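Beneath this line is the structure, given in structure tokens, with notes to follow.
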Amino acid sequence: MRYIIFALLFPFFMSTSVAGSFAADTSYESRIREAELAGNREQVAALCLEWYASGDYSTGILNWNYNALMSVDDNAVLFTHTDSDTYPALMLQYALRIRPDVTILNVQLLENPQYRDFIVRTRRLDWVKPGATLSEFVRQLASSPSPADHPTLPTYLGMMSDQEFLRTDRANMYLTGLALKYSDQPFDNIAVLRYNFENRFRNDYLEFSIGQEKEPETVARMNLNYIPALLLLHRHYRAGGDLTRAAHIENLALRIGQAGHRENDVRLTFGLGMPPAGKPVQSVITVKSLEKPMKRIKDGLYAGETEVTNSQYELFLTDLLNNRDFDRLELCRIEKTDWRNLLPEPLRNLPDAILFKNGHPDGPDMPVQNISLDAAQHYCEWITQVYNAAASKKKYKKVRFRLPDPEEWSIAAAAGRKDVPYPWGGYYIRNSKGCYLLNINATEPCGDCPDDKDSGANDGGFFTVPAASYFPNDFGLYCISGNVAEMTNTPGISMGGSFQDIPYYAQIHTQGKYSGTSSTLGFRVFMEIIEE
């Protein structure tokens with residue numbers, strides 16, 4: 001398993017300088033900054049020693065920077081962005097001789113042309129082109145044109161870098177802890193991340209507090225940067241059956257989330273549709289995974305063969321978390337459903353083996369539900385950005401993933417048939433054997449399904465069933481009627497009906513009405529070709 005950042009990165013709450021929150025006396029930071037800009041490394045070293053001797057610093061931020069330094073390879077270049085991930089790291093290097101092999105380059109300082117020339121000269125980076133942008137600077141450091149004369153340098157971007165800087169070749173950035181390694185060659189970053197966490201990091205300060213922290217709020221906000229790494233480790237341990245370590249990671253993440261006032265976001269991310277231990281987890285969304293399920297509806301328009309599933313939507317939420325886009329994470333979260341309470345009282349105490357015989361509705365292959373229209377549209381925007389920005393081979397140069405309008409949805413459901421009420425072309429909701437052809441609120445028992453006659457799940461499921469259930473229509477679309485009602489681009493209008501609806505609402509041209517989120521409401525993505 002590996003992790004690559006594919007999606008665009010969004011504003012981060014810590015992307016601006018937090019000088020002044022690191023220590024009551026900010027003169028050390030400003031004086032170190034001035035000395036560094038002037039290229040006076042002796043003065044930088046002296047100021048770092050003086051700062052450490054003063055004791056006027058946050059131990060929590062110092063520990064955070066220690067782990068950031070331990071996230072990178074030997075002789076690496078680490079790009080930082082804020083005062084809090086730059087000057088404490090320099091203090092560790094000069095005062096305590098911790099990772100002096102790492103070159104720390106503050107992005108804001110590099111905006112100064114004289115300072116950048118100084119870095120190029122002192123590091124003998126003469127292959128870096130004059131006037132290169134910061135993005136080009138990163139690429140040139142990590143992939144020199146003549147490795148024999150200019151060996152490539154392990155190059156990392158700090159987790160507190162801002163959105164514009166992290167746009168640099170985002171598909172080539174791999175999470176290794178509190179840093180992202182730039183690499184045009186894939187590698188097993190999960191193994192590196194695990195080694196760093198288990199053998200190199202100082203984790204005790206995350207587990208419990210020793211003494212009084214000078215800047216607890218700042219430390220709590222910075223510690224939220226651990227969450228993406230902890231999420232990957234949690235998945236890794238679960239997949240390997242190491243449930244004890246997985247539980248430990250989950251508890252640690254919850255502790256960090258609670259301290260940083262993001263506990264609900266952490267709970268959402270760690271608890272959403274997690275597959276059982278040992279089942280492979282898709283860690284990224286790819287061009288192939290976006291193109292393959294699309295079925296042609298008409299010229300220039302395609303529809304997803306299934307409703308968007310929990311596992312697909314989870315990739316989106318995970319990406320929002322990894323990119324610290326907490327505002328959109330809150331907007332796009334899935335509201336939890338008490339599934340048993342949706343049932344009539346006599347059925348609520350049925351065992352799970354009966355109630356969820358086709359899988360739990362929160363499982364990875366089930367349609368996502370209980371999200372807002374805005375959330376569905378943000379998902380569509382996300383996969384559009386992923387597809388259009390991808391450098392890998394793809395069928396189309398530019399596409400737009402979106403929700404359909406009601407008419408487009410009806411065209412997709414009819415699959416070329418005219419004047420028929422249901423997607424399979426018939427006028428009835430059961431086949432010749434009496435078996436239901438969709439997942440709706442069926443009151444009569446299935447004619448050829450004896451196991452279901454007395455269970456209350458007459459059509460095959462009490463709630464949602466896997467998104468690729470029943471027979472597809474002639475366009476290859478599964479469950480376009482029934483299962484969950486599907487949102488359109490018209491607010492408040494859904495199509496297809498749900499597992500709780502009567503057959504009338506599952507007809508091709510019948511529009512449903514909704515307001516807010518619902519456990520019966522999901523969506524299907526359509527793909528519009530913008531440029532061949």
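The values are calculated or read from the model by the stated rules, or taken from the named source; none is laboratory data. Worth saying up front: this structure is predicted, and the values here are computed from it rather than measured. Cβ coordinates were reconstructed from backbone atoms using ideal geometry, including for glycine residues, and neighbour counts include every protein chain displayed.
Can you confirm whether the stretch 221-234 contains a residue that is among the polar types (S, T, N, Q), in a helix (DSSP H, G or I) and either touching a strand residue (DSSP E or B) at 6+ places or on another chain (Cβ under 7 Å) or exposed (fewer than 13 other Cβ atoms within 10 Å of the Cβ) (or both)? No, that holds for no residue. Of all residues in the stretch 263-293, those satisfying the criterion of being at pLDDT 80 or above and not in a helix (DSSP H, G or I) are T286, K292, P293. Within the stretch 258-277, residues that are within 12 Å of H234 (Cβ to Cβ) and of a type in the set (G, A, S) reach partners that are at pLDDT 80 or above and crowded, with 18+ Cβ neighbours inside 10 Å with beta carbons closer than 7 Å, at six or more positions or on different chains, in the pairs A277/R238; A277/A239. Filtered by the rule that a residue be of a type in the set (F, W, Y) and in contact with a strand residue (DSSP E or B) (Cβ under 8 Å, 6 or more places away or on another chain), the stretch 471-512 gives F475, Y505. For the stretch 385-401, a tally of residues being modelled with pLDDT of 95 or more and under 19 Å from the mean Cα position of the chain (by Cα) returns 1.
I'd like the full set of residues that are outside any helix (DSSP H, G or I) and under 20 Å from P466 (Cα atoms), limited to the stretch 337-359. First the steps, then the outcome.
Here is the first cut: in the stretch 337-359, the ones outside any helix (DSSP H, G or I) are 337-338, 343-344, 348-351, 356-359.
If the condition is that a residue be outside any helix (DSSP H, G or I) and under 20 Å from P466 (Cα atoms), then T337, D338, L343, P351, F356, K357, N358, G359 are the ones that fit.
Looking only at residues in the stretch 104-118 that are surrounded by 19 or more Cβ atoms within 10 Å (Cβ to Cβ) and not basic (K, R), the one that is modelled with the highest pLDDT is I104. In the set L178, L157, only one residue is of a type outside the set (F, W, Y), modelled with pLDDT of 80 or more and under 21 Å from Y237 (Cβ atoms); that residue is L178. So which residues in the stretch 349-398 are small (G, A, S) and touching a residue at least 24 places away in the same chain (Cβ under 8 Å)? Those that are small (G, A, S) and touching a residue at least 24 places away in the same chain (Cβ under 8 Å): G359, G363, S372, A375, A376, A389, A390, A391, S392. The stretch 468-525 holds strands (runs of 3 or more DSSP E) entirely within its bounds, and those carrying 1 or more residues that are in the same structural domain as P404 (by TED's automatic domain parsing) and among the basic types (K, R) map to 511-513.
Of all residues in the stretch 49-61, none are at negative phi and in contact with a strand residue (DSSP E or B) (Cβ under 7 Å, 6 or more places away or on another chain). If I ask for residues that are in a helix (DSSP H, G or I), hydrophobic (A, V, I, L, M, F, W, C) and farther than 17 Å from R41 by Cβ, which ones from the stretch 70-122 would you list? Answer for the stretch 70-122, where residues must be in a helix (DSSP H, G or I), hydrophobic (A, V, I, L, M, F, W, C) and farther than 17 Å from R41 by Cβ: just V107. Contact map, the stretch 327-342: first residue closer than 18 Å to F499 by Cα, second residue at pLDDT below 85, Cβ cut-off under 6 Å, separation 6 or more or different chains; pairs are R340/R348. Scanning the stretch 332-360 for residues being touching a helix residue (DSSP H, G or I) at 6+ places or on another chain (Cβ under 6 Å) and closer than 20 Å to T517 by Cβ gives a total of 2.
In the stretch 462-513, the residue that is farthest from T309 (Cα to Cα) out of those that are among the hydroxyl-bearing types (S, T, Y) and in contact with a Pro (Cβ under 7 Å, 6 or more places away or on another chain) is T490. For the stretch 76-98, the tally of residues that are in contact with a strand residue (DSSP E or B) (Cβ under 8 Å, 6 or more places away or on another chain) and either touching a residue at least 24 places away in the same chain (Cβ under 8 Å) or aliphatic (A, V, I, L, M) (or both) stands at 10.
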